[in-house]
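A.B. asks: What follows is a single structure, and I will ask about it in a moment.
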Amino acid sequence: MQQWKLDQKKLEEWDALAANFQSFETQRHAPLQEIASQQTRLETQLQALNAKAAEIAGLKSTQEPKKKQLEQLSSTVSELHSKVEKRPIFENDLHLLADERAAARAENQVLKAEMDGLKVRMDRLSEVEGAACPVCGKPLSEEERQSLLLDLQREGKGKGDAFRKNAQAIKDCESRFSDLEAQIKSLQTLESQLQSEQRKLDAQEHELSLDELRLKEWQNTGLVEQSHLIEVLQNQDFAPEARAQLAALNEQMKALGYDAAAHESARNAEKAGRASQEALLNLEKARAHLNPLEREIESLHASVDQQEARLKELTAELAQAQKTLQQNQANLPALTALEKDYYDLQEKVNSLMQFLAARRNDVLVLDNLKEQRTKLSTEKESLTAQIAQLKLLERAFGKDGIPALLIEQALPEIESDANEILDRLSDGNMSVKFETQREFKDKKRDDRKETLDILIRDNMGERDYELFSGGEAFRVNFAIRLALSRVLARRAGARLQTLVIDEGFGSQDAEGRQRLIEAINMVRGDFAKILVITHMEELKDAFSARIEVVKTERGSRVEVIAA
């Protein structure tokens, strides 16, 4: 026991020293955590910069291919641009060829008429007898007749040569016209290709500028920051305050002189000495328990005597109780009748329990019905609101709703375009106006009737459509239909491609036909193709390209005359 007390005292000294050591160890956690946190943060930044460096390296490797691709695109765009620039020249040449061809055709018509007249004169002079001067009617001598025939033949030959020269020029013009049309058509395809290549070139230039900006930014900031972080991590040049605090704590712990192995050895020695204390305690307990046990034995002997006396008393009481029991059993009622009454009462209890369960079930059903009623009321309110919205939409899309609003917005635009066209067709003498409301015949009504009336006015005043001539009505129809097509195309964001005019010229006088042709030429730029169908021969020369249909004995023959 004395040795164990010495070991215990020594262990207490080591425990106190260990407590101080643990206090320093706890203080080390904060600077260690700060150092680790800053190191982790710097390493994370370095990893991000390393990833950015790899990305920049990949970006550098793509610079040369992108620049080569940019040069190729620039070369392609320049080449296409130089080709497309020729289109106005080709189109101008095309118009010049059309004018040259039309002039040659007109000249050939005059030459053909003159040659036919010369042929008639030559036929008259070729008569052997009765030949007379085709100018004065004076009879001609044979010498005069032959001389005049030679002059007419020379003149006819000159006109024939000019006619054939013009015919060859027309043929050459048509050939060159076809070539120019093909070249212009190919240039239209090149224009689409030029736009596509130009978009690619712009995108490539933008991408290269962004790449160069990123490379410059990396060189100026990212690379410097990466080198700095590498140097800081290699030299452990971060968290100086935490490192200084940690070094001071390490010095204090070193000065403390704590030895964990010696502490453990003292702990084991103290633990081994505890057995002597336990043995001493057991001995003292045994001595303390000896006297009470002896007194308890004496007490138990006295208790045994008392229990035996009590046993005799209880035996006598038991005999008396048995006798009383026999007497009571003789006076008990019949067991069968009691069981029957018990089962009857049990059945009543079961019946009442079933009734109670049924009533509880009714209560649950009522609760469910209340919930359904609440849910159906909510659905009813939602459906009522939806019905109101649908009625509002029905009214909005009815004749007095959005369609009427669209018509009212579109009519002024249609009226303006129609009057612009009709002004040119009629030399400013005709105009149209759209009315969307009309008064009822019943003068007592304050509201107005929804309608769509087209009011036509000329220099004679406002008249009904039926009172205008066919030519005037056609001009009105043409102006309104073309204006309606323009408005629909603008609303749809599309462009009208084709205009077809079937007849319509026959109802016009010469001035009206000329104005209609001018109107067609006026809107020519709005359409890719304009198709005019007419039977009037005098209108052929008004259009450069024609499809002539001629009826022959073998059927109809089609001839395409390109401009």
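A.B. asks: Looking at the structure I just gave you, is GLU191 touching a Ser or Thr at 6+ places or on another chain (Cβ under 6 Å) and more than 30 Å from GLY117 (Cβ to Cβ)?
C.D. replies: No: the conditions fail for GLU191.
A.B. asks: Being free of Cβ contacts under 8 Å to residues at least 40 places away in the same chain and either outside the structural domain of SER431 (by TED's automatic domain parsing) or not charged (D, E, K, R) (or both) is the requirement here; does ALA510 meet it?
C.D. replies: Here the answer is yes, as ALA510 does meet what is asked.
A.B. asks: Answer yes or no as to whether GLU207 is farther than 30 Å from LYS67 by Cβ and acidic (Asp, Glu).
C.D. replies: When the stated conditions are applied, GLU207 does not pass them.
A.B. asks: Please indicate, with yes or no, whether at least one residue in region 59-79 is over 30 Å from GLN183 (Cα atoms) and aliphatic (A, V, I, L, M).
C.D. replies: Yes, region 59-79 has at least one match.
A.B. asks: Output the residues belonging to region 90-104 that are surrounded by fewer than 16 Cβ atoms within 10 Å (Cβ to Cβ) and modelled with pLDDT of 80 or more.
C.D. replies: Listed by number, the residues that qualify are ASN92, HIS95, LEU96, ASP99, ALA102, ALA103.
A.B. asks: Shifting gears a bit: For region 51-90, which positions are of a type in the set (Asp, Glu) and either part of a helix (DSSP H, G or I) or within 19 Å of GLN204 (Cβ to Cβ) (or both)?
C.D. replies: GLU55, GLU64, GLU71, GLU79
A.B. asks: Is there any pair with a first residue in region 236-252 that is over 13 Å from GLN33 (Cβ atoms) and a second that is β-branched (Val, Ile, Thr) and assigned to a helix (DSSP H, G or I) whose Cβ atoms are under 6 Å apart and which are 6 or more apart or on different chains, and what are they?
C.D. replies: Matching pairs, first to second residue: PHE238/VAL232.
A.B. asks: Residues to consider are ILE561, ILE517, ILE547; find the one that is β-branched (Val, Ile, Thr) and touching a residue at least 24 places away in the same chain (Cβ under 8 Å).
C.D. replies: ILE517
A.B. asks: Now for a different question. For region 44-92, give me each residue that is among the β-branched types (Val, Ile, Thr) and in contact with a Leu (Cβ under 7 Å, 6 or more places away or on another chain).
C.D. replies: Matches in region 44-92: ILE56, VAL77, VAL84.
A.B. asks: Name the pairs whose Cβ atoms lie under 7 Å apart, with the first residue in region 275-286 and of a type in the set (Gly, Ala, Ser), the second assigned to a helix (DSSP H, G or I) and surrounded by 10 or more Cβ atoms within 10 Å (Cβ to Cβ), and 6 or more positions between them or separate chains?
C.D. replies: What qualifies is SER276/TRP4.
A.B. asks: Please enumerate the residues belonging to region 514-555 that are among the basic types (Lys, Arg), more than 20 Å from ASP99 (Cβ to Cβ) and either touching a strand residue (DSSP E or B) at 6+ places or on another chain (Cβ under 8 Å) or in a strand (DSSP E or B) (or both).
C.D. replies: LYS529, LYS551
A.B. asks: Moving to a separate point now. Hey, LEU152 hits all of (1) aliphatic (A, V, I, L, M); (2) over 60 Å from the mean Cα position of the chain (by Cα); (3) surrounded by fewer than 16 Cβ atoms within 10 Å (Cβ to Cβ) but one; which does it fall short on?
C.D. replies: (3)
A.B. asks: Looking at (1) farther than 23 Å from TRP218 by Cα; (2) over 39 Å from the mean Cα position of the chain (by Cα), which is the only condition SER82 fails?
C.D. replies: SER82 satisfies every listed condition except (2).
A.B. asks: Still on this structure: Go through region 519-547 and give me each residue that's acidic (Asp, Glu) and exposed (fewer than 12 other Cβ atoms within 10 Å of the Cβ).
C.D. replies: Answer for region 519-547, where residues must be acidic (Asp, Glu) and exposed (fewer than 12 other Cβ atoms within 10 Å of the Cβ): GLU537, GLU538.
A.B. asks: With the requirement that a residue be of a type in the set (A, V, I, L, M) and in contact (Cβ under 8 Å) with a residue 60 or more places away in the chain, what does region 1-49 give you?
C.D. replies: MET1, LEU11, LEU17, ALA18, ALA30, LEU32, ILE35, LEU42, LEU46, LEU49
A.B. asks: Got at least one residue in region 516-528 being out of contact with any Lys or Arg (no Cβ under 8 Å at 6 or more places or on another chain) and aromatic (Phe, Trp, Tyr)?
C.D. replies: The answer is yes; a qualifying residue exists.
A.B. asks: Taking region 459-486 as the region of interest, how many residues are surrounded by fewer than 19 Cβ atoms within 10 Å (Cβ to Cβ), among the aliphatic types (A, V, I, L, M) and either in contact (Cβ under 8 Å) with a residue 60 or more places away in the chain or closer than 16 Å to ILE530 by Cα (or both)?
C.D. replies: Summing the residues that are surrounded by fewer than 19 Cβ atoms within 10 Å (Cβ to Cβ), among the aliphatic types (A, V, I, L, M) and either in contact (Cβ under 8 Å) with a residue 60 or more places away in the chain or closer than 16 Å to ILE530 by Cα (or both) in region 459-486 gives 1.
A.B. asks: Six or more apart or on different chains, Cβ under 8 Å: which pairs go from a residue in region 114-133 that's more than 15 Å from GLY160 (Cα to Cα) and part of a helix (DSSP H, G or I) to one that's modelled with pLDDT of 55 or more and not hydrophobic (A, V, I, L, M, F, W, C)? Could you list them?
C.D. replies: LEU125/ARG145
A.B. asks: From the list ILE533, ILE520, ILE547, ILE561, which one is among the aliphatic types (A, V, I, L, M), modelled with pLDDT of 75 or more and under 23 Å from ILE414 (Cβ atoms)?
C.D. replies: Sole residue among the options that is among the aliphatic types (A, V, I, L, M), modelled with pLDDT of 75 or more and under 23 Å from ILE414 (Cβ atoms): ILE520.
A.B. asks: Something else: Among the listed residues GLU181, GLU144, which satisfies the condition of being of a type in the set (Asp, Glu) and free of Cβ contacts under 8 Å to residues at least 60 places away in the same chain?
C.D. replies: GLU144
A.B. asks: Is there a residue being within 38 Å of the chain's Cα centre (by Cα), under 29 Å from ALA106 (Cβ atoms) and not acidic (Asp, Glu) anywhere in region 501-516?
C.D. replies: Within region 501-516, none of the residues are within 38 Å of the chain's Cα centre (by Cα), under 29 Å from ALA106 (Cβ atoms) and not acidic (Asp, Glu).
The values are calculated or read from the model by the stated rules, or taken from the named source; none is laboratory data. Predicted model, so just to flag it, every value in this text is computed and none were measured. Glycine gets a Cβ as well: all are built from the backbone with ideal geometry, and neighbour counts include every protein chain shown.
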